[in-house]
Amino acid sequence: MSEQAVGRRGGYRGWLLSDAPRTAFQARCQRVYIAWLTFRTNPIAMAGLITIATLVLMALFAPWITSGDGITQDLPNRLLPPSSEHWFGTDQLGRDIFDRIVWGSQITLYIVGMVGIIVVPIGLAIGTIAGYVGGIVDQVLMRITDIFLAFPRLILALAFVAALGPGIENAVLAIALTTWSPYARIARAEALTLRNSEFILAARTQGASTWRILRRHVVPLCLSSVIVRLTLDMAGIILTAAGLGFLGLGAQPPSPEWGAMISTGRQFILDQWWVPTIPGLAIFIVSLGFNLLGDGLRDVLDPRSRG
């Protein structure tokens with residue numbers, strides 16, 4: 001679009017709010033922009049977005065906002081209280097806790113990102129196929145899903161990590177294997193409501209294959225509900241990862257994983273409270289941020305939640 005045309009339409013804002021979009025790309029941009037306008041009017045959701053954005057920026061700029069790698073020991077400065085030199089104090093090995101929190105944000109984002117990348121495609125694939133195809137396929141896939149739903153997530157993750165061995169990669173795999181089942185249930189429920197819709201029947205009459213209908217129509221319409229559930233589940237994923245780290249089954253020392261930091265610092269909780277408390281607060285704040293963000297996304301992406 002030329003600058004002159006943009007000017008006639010009142011700038012890009014006018015283009016995004018046009019009543020008659022001329023292309024599919026313009027329509028998609030309008031949906032995203034209108035969703036953003038709705039989202040930013042929710043102060044709680046914006047607080048969650050700011051919290052998660054801060055976490056991402058911390059992870060990205062860790063080398064520039066820390067004084068060290070968070071791993072190197074400095075025994076003469078062990079167990080120092082919070083001060084202007086060490087904002088969050090130091091731990092039992094003299095490592096700056098602020099540095100370890102910042103570097104640990106990379107581990108947290110890695111875990112939640114990898115789990116999300118794994119569970120969303122698995123949940124969508126199983127749920128949409130089960131809901132759309134139905135019959136014996138639905139029965140088999142949902143009984144497998146019920147098996148995973150029957151066990152508490154942390155207990156099942158502990159079993160998988162015990163079998164696979166400790167380590168951050170195995171922890172990610174174990175968390176993903178215990179997390180995908182609710183997404184399959186959500187996708188199946190959405191697919192059941194969509195498979196007899198008029199536009200789906202029209203696609204069938206035009207000769208569209210089952211794979212094409214699933215890929216072009218069913219999966220995109222189920223995606224928003226799954227994304228909202230994933231955002232709300234991020235807190236549970238972080239807590240599960242922290243629980244595995246606390247038990248020594250997640251990221252291994254000297255990695256600055258927040259759960260492992262709480263585990264090694266719990267013996268100092270009475271006299272040097274900052275050693276286990278600061279990573280605990282980091283887990284709490286990030287988990288709260290994801291919950292607030294998920295609530296805001298639900299209001300935007302789920303039309304049934306709007307008044």
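Just to be sure I understand, how many residues within the range 87-105 are at positive phi and either part of a helix (DSSP H, G or I) or without any contact (Cβ under 8 Å) to a residue 60 or more places away in the chain (or both)?
First, the residues of the range 87-105 that are at positive phi: 89, 94.
Next, from what is left, pick out any that are either part of a helix (DSSP H, G or I) or without any contact (Cβ under 8 Å) to a residue 60 or more places away in the chain (or both): 94.
Residues flagged as at positive phi and either part of a helix (DSSP H, G or I) or without any contact (Cβ under 8 Å) to a residue 60 or more places away in the chain (or both) within the range 87-105 amount to 1.
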Among GLY113, GLY165, GLY127, GLY123, which is the only one that is of a type outside the set (Asp, Glu), closer than 24 Å to LEU249 by Cα and modelled with pLDDT of 90 or more? GLY113
Among the helices (runs of 4 or more DSSP H) lying completely within the range 195-279, list those that include at least 2 residues that are more than 25 Å from GLY89 (Cβ to Cβ), polar (S, T, N, Q) and under 22 Å from the mean Cα position of the chain (by Cα). 219-246
Evaluation of LEU293 against (1) loosely packed, with under 14 Cβ neighbours inside 10 Å; (2) of a type in the set (A, V, I, L, M, F, W, C); (3) touching a Leu at 6+ places or on another chain (Cβ under 6 Å) (one fails), failing number: (1)
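Filter the range 59-74 for residues that are assigned to a loop (DSSP other than H, G, I, E, B) and free of Cβ contacts under 8 Å to residues at least 60 places away in the same chain; which is surrounded by the most Cβ atoms within 10 Å (Cβ to Cβ)?
Keep residues of the range 59-74 that are assigned to a loop (DSSP other than H, G, I, E, B), which gives 61, 66-74.
Checking the rest, the ones that are also free of Cβ contacts under 8 Å to residues at least 60 places away in the same chain come to 61, 66-69, 72-74.
On the way: PHE61: 11, THR66: 17, SER67: 10, GLY68: 12, ASP69: 15, THR72: 12, GLN73: 13, ASP74: 14.
Within the range 59-74, the match that is surrounded by the most Cβ atoms within 10 Å (Cβ to Cβ) is THR66.
Could you please find all residues in the range 245-270 being aliphatic (A, V, I, L, M) and within 23 Å of ALA159 (Cα to Cα)?
Residues satisfying the conditions are LEU247, LEU249, ALA251, ALA260, MET261, ILE262.
Yes or no, residue by residue, for (1) aliphatic (A, V, I, L, M); (2) touching a Lys or Arg at 6+ places or on another chain (Cβ under 9 Å); (3) surrounded by fewer than 23 Cβ atoms within 10 Å (Cβ to Cβ); (4) modelled with pLDDT of 90 or more:
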residue	(1), (2), (3), (4)
LEU223	yes, no, yes, no
ILE238	yes, no, no, yes
ALA241	yes, no, no, yes
GLY248	no, no, yes, no
ALA251	yes, no, no, no
PRO254	no, yes, yes, no
MET261	yes, yes, no, yes
TRP273	no, no, yes, yes
THR277	no, no, yes, yes
Would you pick out the residues in the range 75-86 that are surrounded by 14 or more Cβ atoms within 10 Å (Cβ to Cβ) and either in contact (Cβ under 8 Å) with a residue 24 or more places away in the chain or assigned to a loop (DSSP other than H, G, I, E, B) (or both)? ARG78, LEU79, LEU80, PRO82, HIS86
When you scan the range 205-218, do you find a residue that is surrounded by fewer than 16 Cβ atoms within 10 Å (Cβ to Cβ), of a type in the set (A, V, I, L, M), touching a residue at least 40 places away in the same chain (Cβ under 8 Å) and more than 21 Å from ILE117 (Cα to Cα), even just one? no
Determine which single condition LEU49 fails, assuming it passes every other condition in (1) touching a residue at least 24 places away in the same chain (Cβ under 8 Å); (2) in contact with a Gly (Cβ under 6 Å, 6 or more places away or on another chain); (3) surrounded by 14 or more Cβ atoms within 10 Å (Cβ to Cβ). (2)
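Name every residue in the range 175-191 that is surrounded by 16 or more Cβ atoms within 10 Å (Cβ to Cβ) and more than 16 Å from the chain's Cα centre (by Cα), in order of residue number. First the steps, then the outcome.
First pass over the range 175-191, keeping only residues surrounded by 16 or more Cβ atoms within 10 Å (Cβ to Cβ): 175-188, 190-191.
The answer is ALA184, ARG185, ILE186, ALA187, ARG188, GLU190, ALA191.
The values are calculated or read from the model by the stated rules, or taken from the named source; none is laboratory data. This structure is a prediction, so every number in the text was calculated from the model and none was measured. In this analysis, Cβ positions are derived from the backbone assuming ideal geometry, glycine residues included, and neighbour counts consider all displayed protein chains.
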